[in-house]
1. Pop a pseudo-label 7 angstrom from the Cα along the beta-carbon direction at both residue 71 and residue 92 and give the gap in nm to one decimal.
2. With 10 angstrom as the radius, rank 45, 69, 51 by how many other C-beta atoms surround their C-beta, starting from the fewest.
3. Could you put 67, 84 in order, starting from the residue whose Cβ has the fewest other Cβ atoms within 10 Å?
4. Assuming 0.36 nm per residue, please report the length gained on full extension of the stretch residue 21 to residue 56 beyond their Cα-Cα distance.
5. Could you quote the convex hull projected area for region 13-88, Cα atoms only and averaged over all directions, in nm²?
6. What list do you get for 30, 15 if you sort them by fewest beta carbons within 10 Å?
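No lab work stands behind these numbers, since they all come straight from the coordinates. The structure displayed is predicted, hence computed values, not measured ones. Note: ideal-geometry Cβ built from the backbone for every residue, glycine included; neighbour counts use all protein chains shown.
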Ligand SMILES: [Zn+2]
């Protein structure tokens, strides 16, 4: 009998703002506004998958889609983080969306 996982966790999927596919949260970056700027918007956050093309596109467009999703300017440190991560990724790194 094959070993079964101890407890099946409910996996939430989030939509990538760049490619519009759904991914598990582990495969994504979460961009959340801090509370200082977010007091009038309850926990608004955007997700982007860790695929190279999506991250690169987001960097090139200065997070246009993220900004649209957050309805707020993207924190500057996010782009620094994004650039750092991009350097560690292979351009062929693409996360494939989970089939639901
Ligand atoms: Zn994506």
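1. 4.3
2. 45, 69, 51
3. Listing 67, 84 from fewest to most nearby Cβ atoms yields 84, 67.
4. Extra length available between residue 21 and residue 56 comes to 11.0 nm.
5. Dividing the Cα hull surface by four gives the mean projection, 4.7 nm².
6. If I rank by nearby Cβ atoms, fewest first, I get 30, 15.
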